[in-house]
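Okay, so here's the structure we're looking at.
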Amino acid sequence: MNKVILMGRLTRDPEVRYSQGESALAIARYTLAVDRRFQKNSDQSADFISCVAFGRSAEFAEKYLNQGTKICITGRIQTGRYTNKDGVKVYTTEVVVEDQEFAESKNAASAGGADFSGGSSRPTPSAASGDGFMSIPEGIEDELPFQ
């Protein structure tokens, strides 16, 4: 199975091109900066993942995504190779985007915070206690998938 799930911020605005021919297909390329879960020596580190979206997904990226937007994508890893003009073989790895969605509200993005609530009663990162875990709001025990 080849399935990738990533959450990160765009490092720049998506680059969108259209294929040639009668039925032009939109192709969007962008790079996601994905924070690493564990850092050595308290250094902030991230991986920069190349992504490509086609068709409607590419048109969505062109219209709604820009540098700094936090998104969550699902897709598959695709590798390739080609020979450049100097005769050197170049190997590529990128994620072909199958689905993409916003990972924070527009207000949180402009404020620089992370608000995952989307207007619902779900806990937000600001509700985290000192131990790094989010506190569960009162009265939603029946909605939890586990007890």
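The values are calculated or read from the model by the stated rules, or taken from the named source; none is laboratory data. Remember, predicted model here, so these are calculated numbers, not experimental data. We place every Cβ from the backbone using ideal geometry, glycine too, and count neighbours over all the protein chains shown. We work out accessible area using only protein heavy atoms, side chains counted, and drop any ligands, DNA or RNA first. Shrake-Rupley method; radii C 1.70, N 1.55, O 1.52, S 1.80 Å.
Does Asn2 fit the bill of being part of a helix (DSSP H, G or I) and surrounded by fewer than 10 Cβ atoms within 10 Å (Cβ to Cβ)?
For Asn2, the condition - part of a helix (DSSP H, G or I) and surrounded by fewer than 10 Cβ atoms within 10 Å (Cβ to Cβ) - is not met.
Pairs please, first residue from the range 69-89 and over 14 Å from Asn2 (Cα atoms), second anywhere and open to solvent by less than 30 Å² (accessible area, probe 1.4 Å) and assigned to a loop (DSSP other than H, G, I, E, B), Cβ atoms under 9 Å, 6+ apart in sequence or on different chains.
Listed pairs, sorted by first residue: Thr69/Ala103; Thr69/Glu104; Lys70/Ala103; Lys70/Glu104; Ile71/Leu65; Ile71/Ala103; Ile71/Glu104; Cys72/Ala103.
Within the range 22-54, track down each residue that is of a type in the set (D, E, K, R) and in a strand (DSSP E or B).
Across the range 22-54, the qualifying residues are Arg29, Asp35, Asp47.
May I ask you to list the residues in the range 55-98 that are more than 12 Å from Tyr30 (Cα to Cα) and in a loop (DSSP other than H, G, I, E, B)?
Within the range 55-98, Gly55, Asn84, Lys85, Asp86, Gly87, Val88 meet the criteria.
When the range 40-60 is examined, which residues are found to be open to solvent by 50 Å² or more (accessible area, probe 1.4 Å) and farther than 19 Å from Asp99 by Cα?
Selection gives Lys40, Asn41, Ser42, Asp43, Gln44, Asp47.
For the range 103-122, which residues satisfy the criterion of being in contact with a Ser or Thr (Cβ under 7 Å, 6 or more places away or on another chain) and either at pLDDT 80 or above or not hydrophobic (A, V, I, L, M, F, W, C) (or both)?
Asp115, Ser117, Gly118 - these are the residues of the range 103-122 that are in contact with a Ser or Thr (Cβ under 7 Å, 6 or more places away or on another chain) and either at pLDDT 80 or above or not hydrophobic (A, V, I, L, M, F, W, C) (or both).
Before we move on, is Arg37 open to solvent by 60 Å² or more (accessible area, probe 1.4 Å) and farther than 18 Å from Glu104 by Cβ?
yes
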